[in-house]
Amino acid sequence: MKNKILIPLALLICNSCIKKSNDCRVDADFSKHVFEIPITLTPANDTFRVGDTISVMVEFPDTVFDLTTELTYFLEDFKFNPILLIGDIGKENGVDDALQDFELIIDGKFTFNQFNFSDGAISYVGEYNYEDGKYFLAYKIVPQKVGLFHFSHFSDVNSTVENQDFLGRC
């Protein structure tokens with residue numbers, strides 16, 4: 001059984017501004033677009049065992065609703081730069097370094113590469129495939145260790161990457 005989980009705030013936060021719009025409803029000092037994008041986790045359990053396979057599927061159209069401005073934007077071939085982080089809640093250091101405790105299975109048609117932070121955190125950074133007006137990304141994670149973990153899937157939108165501008169961007 002598939003259940004859809006909507007993760008609007010943690011999924012996609014746009015931090016930087018490229019162009020100012022006169023219609024922006026956000027504070028200029030803290031300008032953010034918070035797009036509402038669905039993500040499906042299968043199975044939708046609150047507890048998993050070592051060796052369980054958790055499938056993650058993201059599929060959404062190129063028109064997305066922004067919770068901040070309460071407007072819908074058309075984002076054609078936009079570079080969202082999705083990021084996967086997994087942290088061990090049981091650790092006191094607060095570093096999201098638990099990805100080494102999971103096997104990550106990615107179909108070769110998707111781009112998702114490991115990134116190592118200087119503090120020991122590990123993430124995977126990639127891109128959604130864009131085809132026929134829709135964005136897609138799918139991967140699987142398999143826990144290899146017992147623990148209490150948090151899962152984060154979000155996007156890094158900044159002005160240093162091409163194809164991150166859109167009409168009405170704050």
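The values are calculated or read from the model by the stated rules, or taken from the named source; none is laboratory data. Just so we're clear, the structure is a prediction, and the values are computed from it rather than from any experiment. Positions of Cβ are generated from backbone atoms using ideal geometry, with glycine treated the same way; all protein chains shown enter the neighbour counts. Ligands, DNA and RNA are excluded from the accessible area calculation, which covers all protein heavy atoms including side chains. Shrake-Rupley method; radii C 1.70, N 1.55, O 1.52, S 1.80 Å.
Based on the mean of other Cβ atoms within 10 Å per residue, sort peptides 47-60, 107-120, 74-87, 128-141 so the most packed one is first.
74-87, 128-141, 47-60, 107-120
Could you check the simple spin-label distance between Thr72 and Asp52, using points 7 Å along Cα→Cβ, in nm with one decimal?
Using points 7 Å along Cα→Cβ, the separation is 3.6 nm.
Once you keep just the Cα pairs under 8 angstrom separated by 6 or more residues, what percentage relative contact order results for region 92-133?
Result for region 92-133 is 39 percent.
Using each residue's phi in region 119-127, evaluate 6.51 cos²θ - 1.76 cosθ + 1.60 at θ = phi - 60° and report the 3J(HN,Hα) Karplus result to the nearest Hz, with x for Gly and Pro.
8, x, 5, 10, 9, 10, 10, x, 8
Where Lys and Arg each count +1 and Asp and Glu each count -1, what net charge lies around Phe48 among other residues with Cβ under 15 Å from its Cβ?
That sum, taken over residues with Cβ under 15 Å, equals -2.
Taking R0 as 35 Å, what's the FRET efficiency between Lys145 and Asp119 from their Cβ-Cβ distance, rounded to 0.05?
That pair, Lys145 with Asp119, gives E of 0.95.
Note down the accessible area of Asp46, probe 1.4 Å, to the nearest 10 Å².
Looks like 150 Å² after rounding.
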